[in-house]
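Structure, as structure tokens:
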Amino acid sequence: MAALVYVALGSNLDGPAGQVRRAIAELGRAPSIHLRRVSRLYRSPPLGPAGQPDYINAVAEAETGLSPQALLAALQAMELAQGRVRTGGRWGPRPLDLDILLYADRRIHTPDLRIPHPRMAERAFVLYPLYEIAPGLEIPGRGPLRRLLHDCPPKGLEPLDEG
């Protein structure tokens, strides 16, 4: 049975908008993943170390028959294919970052996977694109997306003109 999942996409290196668009296309071609909807692209200020470029972000909604761990492995393979090197550092610049935000209504807490994504409620670059494609969404253990959005101002988030 397919699960409804939400994936955050982000990049701030090597042509970030192109990186995110390529990742969206790859999600659409991936076996066992059916891409349903994708938000617009958004520009956001970086978290973490100073001096890095702005990020380009989006959120995708998909259905998958993959387990949460298999989906994580597939997303990490996509990151690697687009030049991501995991150094162990957090919030630094990267060509591609793919995070599972939600996997159906599941709550998962393992050493390598936490769902719902533990910091999504504080991140405008996640909440606003997510709201664009799923405004009535309930976040397991957190409540309505609308309420989370109300408590998280946009903080420099800017939708890109896709015109």
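Brief remarks follow.
- Residue check for Gln76: surrounded by fewer than 20 Cβ atoms within 10 Å (Cβ to Cβ), over 15 Å from the mean Cα position of the chain (by Cα) and either assigned to a strand (DSSP E or B) or not basic (Lys, Arg) (or both): no
- Top-ranked residue of segment 23-33 - restricted to ones that are surrounded by 15 or more Cβ atoms within 10 Å (Cβ to Cβ) and touching a helix residue (DSSP H, G or I) at 6+ places or on another chain (Cβ under 9 Å), ranked as nearest to Ser67 (Cα to Cα): Ile33
- All told, Ala104 falls short of being at pLDDT 90 or above, within 22 Å of Glu26 (Cα to Cα) and touching an Asp or Glu at 6+ places or on another chain (Cβ under 7 Å).
Listed here are the residues, each with its yes/no results for (1) modelled with pLDDT of 95 or more; (2) closer than 29 Å to Pro140 by Cβ; (3) in a helix (DSSP H, G or I).
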{"residue": "Met1", "(1), (2), (3)": "no, yes, no"}
{"residue": "Val5", "(1), (2), (3)": "yes, yes, no"}
{"residue": "Asp14", "(1), (2), (3)": "no, no, no"}
{"residue": "Arg21", "(1), (2), (3)": "yes, no, yes"}
{"residue": "Ala50", "(1), (2), (3)": "no, no, no"}
{"residue": "Pro53", "(1), (2), (3)": "no, no, no"}
{"residue": "Val59", "(1), (2), (3)": "yes, yes, no"}
{"residue": "Glu63", "(1), (2), (3)": "yes, yes, no"}
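- In this structure, Gly163 does satisfy being modelled with pLDDT under 95, in a loop (DSSP other than H, G, I, E, B) and more than 19 Å from Pro45 (Cα to Cα).
- Qualifying residue in segment 81-100 (condition: in a loop (DSSP other than H, G, I, E, B), at pLDDT 95 or above and surrounded by fewer than 20 Cβ atoms within 10 Å (Cβ to Cβ)): no
- Just one of (1) outside any strand (DSSP E or B); (2) without any contact (Cβ under 8 Å) to a residue 60 or more places away in the chain; (3) not aliphatic (A, V, I, L, M) fails for Arg36. It is (1).
- Those residues of segment 109-159 which are within 22 Å of Ala74 (Cα to Cα) and more than 15 Å from the chain's Cα centre (by Cα), in sequence order: His109, Thr110, Pro111, Asp112
- Subset of segment 103-122 (residues that are closer than 16 Å to Lys155 by Cα and either assigned to a helix (DSSP H, G or I) or touching a residue at least 40 places away in the same chain (Cβ under 8 Å) (or both)): Met120, Ala121, Glu122
Let's see how each residue does on (1) of a type in the set (Asp, Glu); (2) in contact (Cβ under 8 Å) with a residue 24 or more places away in the chain:
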site: Asp99; (1), (2): yes, yes
site: Ala134; (1), (2): no, yes
site: Ile139; (1), (2): no, yes
site: Arg146; (1), (2): no, no
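The values are calculated or read from the model by the stated rules, or taken from the named source; none is laboratory data. In this text the structure is predicted, and so the values were computed from the model without any measurement. All Cβ positions, even for glycine, are placed from backbone atoms using ideal geometry, and neighbour counts span all protein chains on display.
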